Amino acid sequence: MPGTVTTIDRDQREGLYELVRNHLGSIEDFWIALERTKDFATAERLGLEFAEDFRLLKDIGWSEHDARESFALTMPSHDLMELLKRLHDEAAQVLIESGAEAQSSREDASTNTRFQLGYETYEKVIADLDPREAEYSR
């Protein structure tokens with residue numbers, strides 16, 4: 001299904017955007033792997049992940065706010081599924097950690113809401129791309 005284009009709404013975009021921004025916050029890890037530790041396998045993996053993040057931002061926009069009501073995800077299906085799986089797993093980890101810390105600030109609650117939206121978007125988009133995968137991930 002390489003030619004499949006899936007569409008997400010503004011809330012789903014907000015969730016994915018938060019997850020991508022969170023992941024891009026670790027971009028220093030790429031430099032450390034490449035230059036300090038010479039861990040080229042990790043540098044390559046991170047480089048591929050960041051490239052996927054940048055590709056998603058091309059579809060959903062780089063700005064924190066975007067006025068569009070819907071967003072077409074034009075990445076090849078396989079790449080999109082890998083990206084969403086990674087972001088989904090990262091969101092789960094962040095949501096578990098924040099729940100354990102029981103942070104109560106308004107900003108943390110807002111961020112967690114966006115993480116939850118991103119987490120839930122995975123299920124919707126995967127079901128659109130490959131219903132078999134959606135059943136498997138439940």
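The values are calculated or read from the model by the stated rules, or taken from the named source; none is laboratory data. Keep in mind that what you see is a predicted model, and the values were worked out from it rather than measured. Ideal geometry is used to build each Cβ from the backbone, glycine not excepted, and the neighbour counts take in all protein chains shown.
Please determine, by comparing only the residues of the range 60-91 that are out of contact with any Lys or Arg (no Cβ under 9 Å at 6 or more places or on another chain) and among the basic types (Lys, Arg), which one is nearest to THR7 (Cα to Cα).
LYS85
State yes or no: is LEU19 surrounded by fewer than 18 Cβ atoms within 10 Å (Cβ to Cβ) and either in a helix (DSSP H, G or I) or under 13 Å from the mean Cα position of the chain (by Cα) (or both)?
On the way: surrounded by fewer than 18 Cβ atoms within 10 Å (Cβ to Cβ): no; either in a helix (DSSP H, G or I) or under 13 Å from the mean Cα position of the chain (by Cα) (or both): yes.
When the stated conditions are applied, LEU19 does not pass them.
Could you tell me how many of the residues in the range 25-57 are charged (D, E, K, R) and surrounded by fewer than 12 Cβ atoms within 10 Å (Cβ to Cβ)? Steps first, please.
Taking the range 25-57 as the starting set, the residues that turn out to be charged (D, E, K, R) are 28-29, 35-36, 38-39, 44-45, 49, 52-53, 55.
Narrowing the set further to residues that are surrounded by fewer than 12 Cβ atoms within 10 Å (Cβ to Cβ) leaves 28, 35-36, 38.
So the count comes out to 4.
Which of the helices (runs of 4 or more DSSP H) found entirely inside the range 73-138 contain at least 1 residues meeting this: modelled with pLDDT of 75 or more and farther than 16 Å from GLU52 by Cα? Show your work before the answer.
On the way: elements: 77-101, 106-129, 131-136.
Answer list for the range 73-138: 77-101, 106-129.
So which residues in the range 59-75 are loosely packed, with under 14 Cβ neighbours inside 10 Å and touching a residue at least 12 places away in the same chain (Cβ under 8 Å), if there are any at all?
Of the range 59-75, the ones loosely packed, with under 14 Cβ neighbours inside 10 Å are 62-65, 67-70, 72.
Once the filter is applied, which keeps residues that are loosely packed, with under 14 Cβ neighbours inside 10 Å and touching a residue at least 12 places away in the same chain (Cβ under 8 Å), the range 59-75 yields GLU64, ARG68, GLU69, SER70, ALA72.
What's the number of the only condition in (1) under 24 Å from GLU123 (Cβ atoms); (2) touching a Ser or Thr at 6+ places or on another chain (Cβ under 9 Å) that GLU90 fails to meet?
(2)
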